[in-house]
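Structure first, then comments.
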Amino acid sequence: MPIDASERTADRPVDEVGEGSFPASDPPAWTVAHTGSPTRLPRRPAAEERMDAWRVAPAAFKAMVGLQGYVERCGLEASLLDLVKIRASQINGCAFCIAMHVREARARGESDERMHLLNAWREAPLYSRRECAALAWTEAVTLVTEGHVPDAVYRQARQQFSDKELVDLTCAAVAINGWNRFSIAFRSVPETTPPN
């Protein structure tokens, strides 16, 4: 995403990476999209919350909490739901939700190794078939604009989940994607441990 010409000033030199699209003080962050093609995203300054959406619209918060409450009581394993929340939040780039759900998963006994490798779960032999099916389903639902939910992903999920479990897993994906979008849109600031 090139910066506007009016933003290019002597005190913000342009670096050579990406055809001079980014100031040197703001190097590009690289991601690999679901399709595997590299995408350049500019880094933005440290987050400052835009507004407290839940204070402004408490009924919206209550509705989200209602869906989340259903998900938490639906019967799917807490450890599976933790992986779903973290993975969707990684895809969406939601620092607030990643930080929160990693803390919660760690408190429930999830290993740091599994959480660190979650972004590459297909290559890591740490996840059960059921977890892999849930992660594939979560990714497809999260990235629904990239080919909808493929039949192969549906078949894989059907081998591991009952009808109700698959609906519940979809509710979990819908809920975390909703939380991510609120947190990203209003720039919820993650609780983090300051560096030493």
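The values are calculated or read from the model by the stated rules, or taken from the named source; none is laboratory data. What you are looking at is a predicted structure, and each value in this text was computed from that prediction instead of being measured. Here Cβ is always computed from backbone atoms with ideal geometry, including for glycine, and neighbour counts include all displayed protein chains.
Structure summary
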read-out: Residues of segment 145-155 satisfying the condition of being surrounded by fewer than 16 Cβ atoms within 10 Å (Cβ to Cβ) and either of a type in the set (A, V, I, L, M) or not assigned by TED's automatic domain parsing to the domain that holds E131 (or both); value: A152
read-out: Checklist (1) closer than 26 Å to Y70 by Cβ; (2) in a helix (DSSP H, G or I); (3) of a type in the set (G, A, S) applied to S188, failing item; value: (2)
read-out: Any hit, segment 118-126, residues being crowded, with 16+ Cβ neighbours inside 10 Å and of a type in the set (G, A, S); value: no
read-out: Condition met for F96 (surrounded by fewer than 19 Cβ atoms within 10 Å (Cβ to Cβ) and among the hydrophobic types (A, V, I, L, M, F, W, C)); value: no
read-out: Residue identified as basic (K, R), surrounded by 15 or more Cβ atoms within 10 Å (Cβ to Cβ) and touching a helix residue (DSSP H, G or I) at 6+ places or on another chain (Cβ under 8 Å) among R108, R158, R130; value: R130
read-out: Pair list, Cβ < 6 Å and 6+ apart or interchain, from segment 47-64 residues that are under 11 Å from F182 (Cβ atoms) and in a helix (DSSP H, G or I) to residues that are modelled with pLDDT under 80 and aromatic (F, W, Y); value: F61/W54
read-out: Count of segment 110-138 residues which are touching a residue at least 24 places away in the same chain (Cβ under 8 Å) and part of a loop (DSSP other than H, G, I, E, B); value: 3
